[in-house]
Amino acid sequence: MTLDEPVWSVLGRGPDGTVVVADLNADGTERRRTSVDSAALASLVPAAGPARRWVWSDATRWYPPLLADGVVVARCHDLRLCHTILRGSAFVTDAAALRAHPEWDGPAADAVTPAAETLFELDERGDASSVPDGIDEALAEFARQRAALEGATAPGRLRLLLAAESAGAVIAVELHAAGLPWDAGVHDAILVDLLGPRPAAGRLPARIEELAVRVRDALGAPAASLDSQPKLLRALHRVGVLATSTSRWELAQYDHPVIAPLLEYKKLMRLLSANGWAWMEEWAAEGRFRPVYVPGGVVTGRWASSGGGALQLPRQLRPAVRADPGWLLIIADVAQLEPRVLAAMAGDTALADAARGQDLYAGVVAGGVVATRQEAKGAILGAMYGATTGDSGRLVPALRRAYPRAMTLVDEAARIGEDGGIVTTWLGRSAPAPSSSWRDVQRGAGAIEATAADESRARRSARDRGRFTRNFIVQGTAAEWALAWMADVRGRLAAFDAVEDAGGRSGPVFGRRAHLAFFLHDEIVVHAPAAQAEAAAEAVRAAADGARRLLFGDFPLDFPLDLRIAEDAGKA
DNA sequence: AAGGGACGCGCG
DNA sequence: AAAGCGCGCGTCCCTT
């Protein structure tokens, strides 16, 4: 890259409907403006070289058609997602200019309308995206974001966050395009094994029918409705099962012949309705499961998903995740990501010591804090979620003595939340301010005429918010770590050579080299030609260390992975 | 008929 | 086994 090469290229629609590329110098001044038709865009992007960072309104608006043409973008700045972070970040000292442009607060284009699959459709879509896609609006918003960044209290961290979030925007589109390799035969075999053969339309599988008969026998009601919660509850009451809900954990407390078949019935009905044959046909056709990922869809910065229940794939069905012939899966998750992140944020070397090695909970036991691994897990989760009662709540004080720095951090986050304040993740994503109704409740409780009920309501909602902000800083920073990890993995895999005869079925780009195939909070799946599997696994490991260093520098803490290379994602 | 809330349960 | 955080989705049921 030569010195005067533009660093940023802003993409947007021109007034005449063509696509405009505005190249900016490093100082933000505009250097050159090119107008192209949509078809030319696909050749222009790779020609610009990998050093360029593309600035666009919304990855879900611009990237799918480029990817469909085989164009992979190296780096981007996603104005929509970055706007959301910057407008709310406590690190930004003056967000007024950003907040004056709420048109950038919209959801992803996917949530509005299905993504265009071709550049022609992109031309035809007009206002399909929820945020502005004009070149002038993009340039103005980008200028506002750069100004906000320059005045920020921790611009370095925010820059990392915006880069990671934007990488996530690109990755989400790529994950959808590549898809998760899915073996419908294995899926069908699991269903048949548990439910019986696939029934005719409108009928229930044999195994469920049998269980329904047994449940109705035990209820003494041959026509009892088992799928209506109120009706089922009344039927249970008639045979002396005085449960207050029909949830599994409560029913399991009762000793009655109806319980066992009913719990089994509910389990199998769940499998059938959530991930049965209908789901298979809708979501896992042609050998791929293609969920729609929603980066930044959770306030904490975690991803959400829309359609197909991508983030709820039952472990039962994991064996159906199966590599293409000649390919392998690298399945990796971070052990106890959230408590490790907490240790690093708090600079708690005692907790970091306990975390050394593969199992943080074992380290807590070894430190003599609690007696068993189960207790350690309960106590740690309770500390991060704000448990006050039950087994885990009881153990939290022991944690407070052993790891005062970590516990002070989360306790303080809870206190700030209860007081209506704002907490912020390590890289600068802030929790939303309390709603006006929340503030009304708090204010009402302080009034002279407040009743005891007003006060207890206010106390309860304050505690609720405290538990939210307590968890927010940990969950949100863990999401940042995971984004950094995944972005690093993506960068490393992009450098892999294409395997000419790879025989993969993930499209023109991903069918020929190792690529990300799935992401779930602290877990990734890479799909790789067998010859690249070892190198891909090494990339995944190296990226974890890269993410650690990027976020926490020299703080002595490791993020060990549970990683395996296998043909399918079933239990190792 | 469509929409929204409650419930229950899958995932981290 | 839930508890204590964050989600999405299918089903039932009631309102508009």
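Determine, yes or no, whether A:Glu250 is assigned to a helix (DSSP H, G or I), within 15 Å of DNA strand C (Cβ to nearest atom), open to solvent by less than 30 Å² (accessible area, probe 1.4 Å) and among the acidic types (Asp, Glu). Write out each step before concluding.
Numbers: assigned to a helix (DSSP H, G or I): yes; within 15 Å of DNA strand C (Cβ to nearest atom): yes; open to solvent by less than 30 Å² (accessible area, probe 1.4 Å): yes; among the acidic types (Asp, Glu): yes.
Yes: the conditions hold for A:Glu250.
For segment A:227-245, give me each residue that is surrounded by fewer than 19 Cβ atoms within 10 Å (Cβ to Cβ) and within 11 Å of DNA strand C (Cβ to nearest atom). Please lay out each step first, then the result.
Going residue by residue through segment A:227-245, those that are surrounded by fewer than 19 Cβ atoms within 10 Å (Cβ to Cβ) are A:227-231, A:233-234, A:237-240, A:242-245.
Correct list: A:Asp227, A:Ser228, A:Gln229, A:Pro230, A:Lys231, A:Leu233, A:Arg234, A:Ser245.
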Open item on the list: I'd like to verify a number: residues in segment A:267-284 that are over 23 Å from the mean Cα position of the chain (by Cα), in contact (Cβ under 8 Å) with a residue 40 or more places away in the chain and open to solvent by 20 Å² or more (accessible area, probe 1.4 Å), how many?
Closed with: 2
Task: Output for segment A:192-226, where each listed residue is outside any helix (DSSP H, G or I), crowded, with 18+ Cβ neighbours inside 10 Å and over 35 Å from the mean Cα position of the chain (by Cα) - done: A:Ala224
Open item on the list: Among (1) of a type in the set (Gly, Ala, Ser); (2) modelled with pLDDT of 95 or more; (3) open to solvent by less than 20 Å² (accessible area, probe 1.4 Å), there is one condition A:Ala350 misses while meeting the rest; what is its number?
Closed with: (3)
Open item on the list: Against the definition (more than 7 Å from DNA strand C (Cβ to nearest atom) and surrounded by 18 or more Cβ atoms within 10 Å (Cβ to Cβ)), how does A:Ala387 come out, yes or no?
Closed with: no
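Rundown of residues vs (1) open to solvent by 70 Å² or more (accessible area, probe 1.4 Å); (2) in a helix (DSSP H, G or I), yes/no style:
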| site | (1), (2) |
| --- | --- |
| A:Leu427 | no, no |
| A:Ala445 | no, yes |
| A:Asp454 | no, yes |
| A:Arg457 | yes, yes |
Task: Given (1) closer than 28 Å to A:Gly476 by Cα; (2) within 11 Å of DNA strand C (Cβ to nearest atom); (3) of a type in the set (D, E, K, R), index of the condition A:Lys267 fails - done: (1)
- [ ] Could you grab me the full set of residues in segment A:377-422 that are within 16 Å of DNA strand B (Cβ to nearest atom) and basic (Lys, Arg)?
- [x] A:Lys377
Open item on the list: If A:Pro508 satisfies all but one of (1) surrounded by 23 or more Cβ atoms within 10 Å (Cβ to Cβ); (2) more than 16 Å from DNA strand B (Cβ to nearest atom), what's the number of the condition it fails?
Closed with: (1)
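Among the residues of segment A:291-315, how many are within 7 Å of DNA strand C (Cβ to nearest atom) and among the aliphatic types (A, V, I, L, M)? Give the derivation first.
Of the residues in segment A:291-315, the ones within 7 Å of DNA strand C (Cβ to nearest atom) are A:294, A:297-300, A:302, A:304-309, A:311-312.
Right, trim to among the aliphatic types (A, V, I, L, M) and you get A:294, A:298-299, A:304, A:311.
Within segment A:291-315, residues that are within 7 Å of DNA strand C (Cβ to nearest atom) and among the aliphatic types (A, V, I, L, M) number 5.
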Open item on the list: Checking A:Gln475 against (1) within 16 Å of DNA strand B (Cβ to nearest atom); (2) open to solvent by 20 Å² or more (accessible area, probe 1.4 Å); (3) touching a residue at least 40 places away in the same chain (Cβ under 8 Å); (4) not in a helix (DSSP H, G or I), only one condition comes out false. Which one?
Closed with: (4)
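Which one of these is open to solvent by 10 Å² or more (accessible area, probe 1.4 Å), assigned to a helix (DSSP H, G or I) and touching a strand residue (DSSP E or B) at 6+ places or on another chain (Cβ under 8 Å): A:Pro397, A:Pro319? Write out each step before concluding.
Details: A:Pro397 fails: touching a strand residue (DSSP E or B) at 6+ places or on another chain (Cβ under 8 Å).
Answer to the check: A:Pro319.
Could you check segment A:251-284 and list, in sequence order, the residues that are within 8 Å of DNA strand B (Cβ to nearest atom) and not hydrophobic (A, V, I, L, M, F, W, C)?
From segment A:251-284, those within 8 Å of DNA strand B (Cβ to nearest atom) are A:251, A:263, A:266-267, A:270-271, A:274; that's our starting set.
A:Lys266, A:Lys267, A:Arg270, listed by residue number.
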TODO: Report, ordered by the first and then the second residue, all pairs with beta carbons closer than 6 Å, sequence separation of six or more or different chains, a first member in segment A:407-423 that is under 15 Å from A:Glu338 (Cβ atoms), and a second member that is open to solvent by 20 Å² or more (accessible area, probe 1.4 Å) and not β-branched (Val, Ile, Thr).
DONE: A:Met407/A:Arg400; A:Val410/A:Arg470; A:Ala413/A:Arg470
- [ ] Scan segment A:285-310 for residues that are under 8 Å from the mean Cα position of the chain (by Cα) and within 12 Å of DNA strand B (Cβ to nearest atom) and jot them down.
- [x] A:Val298, A:Arg302, A:Trp303, A:Ala304, A:Ser305
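What residue, among those in segment A:322-337 that are within 16 Å of DNA strand C (Cβ to nearest atom) and open to solvent by 30 Å² or more (accessible area, probe 1.4 Å), is farthest from A:Trp279 (Cα to Cα)? Talk me through it step by step, then tell me what you get.
Restricting attention to segment A:322-337, the residues satisfying the condition of being within 16 Å of DNA strand C (Cβ to nearest atom) are A:333-334, A:336-337.
With open to solvent by 30 Å² or more (accessible area, probe 1.4 Å) added as a condition, the list becomes A:333, A:336.
Numbers: A:Asp333: 26, A:Gln336: 31 Å.
Looking at residues that are within 16 Å of DNA strand C (Cβ to nearest atom) and open to solvent by 30 Å² or more (accessible area, probe 1.4 Å), I get A:Gln336.
Identify all residues within segment A:373-395 that are of a type in the set (Val, Ile, Thr) and either at pLDDT 95 or above or within 18 Å of A:Gln475 (Cβ to Cβ) (or both); write none if there are none. Steps first, answer last, please.
Taking segment A:373-395 as the starting set, the residues that turn out to be of a type in the set (Val, Ile, Thr) are A:380, A:388-389.
A:Ile380, the sole residue that qualifies.
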Open item on the list: What's the number of the only condition in (1) within 12 Å of DNA strand B (Cβ to nearest atom); (2) within 18 Å of the chain's Cα centre (by Cα) that A:Gln316 fails to meet?
Closed with: (2)
- [ ] Check whether at least one residue in segment A:206-224 is at pLDDT 95 or above, within 11 Å of DNA strand C (Cβ to nearest atom) and either in the same structural domain as A:Glu264 (by TED's automatic domain parsing) or out of contact with any helix residue (DSSP H, G or I) (no Cβ under 8 Å at 6 or more places or on another chain) (or both), and report yes or no.
- [x] no
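Just to be sure I understand, how many residues within segment A:481-498 are open to solvent by 40 Å² or more (accessible area, probe 1.4 Å) and not aromatic (Phe, Trp, Tyr)?
First pass over segment A:481-498, keeping only residues open to solvent by 40 Å² or more (accessible area, probe 1.4 Å): A:488, A:491-492, A:494-498.
Cutting the leftovers down to not aromatic (Phe, Trp, Tyr) gives us A:488, A:491-492, A:494-495, A:497-498.
Result for segment A:481-498: 7.
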- [ ] Inspect segment A:38-49 for any residue being open to solvent by less than 20 Å² (accessible area, probe 1.4 Å), at negative phi and in a loop (DSSP other than H, G, I, E, B) and give the result as yes or no.
- [x] yes
Open item on the list: With the structure loaded, tell me whether A:Arg439 is open to solvent by 30 Å² or more (accessible area, probe 1.4 Å), within 16 Å of DNA strand B (Cβ to nearest atom) and among the basic types (Lys, Arg) or whether it fails that test.
Closed with: no
TODO: Taking only segment A:295-305 into account, find how many residues are modelled with pLDDT of 95 or more and within 23 Å of A:Gly507 (Cβ to Cβ).
DONE: 2
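The values are calculated or read from the model by the stated rules, or taken from the named source; none is laboratory data. Only a predicted model underlies this, so the values are computations on that prediction, with no experimental measurement involved. Cβ sites come from the backbone with ideal geometry, for glycine too, and all protein chains shown count toward neighbours. The area values use the complete protein model at the heavy-atom level, side chains included, leaving out ligands, DNA and RNA. Shrake-Rupley method; radii C 1.70, N 1.55, O 1.52, S 1.80 Å.
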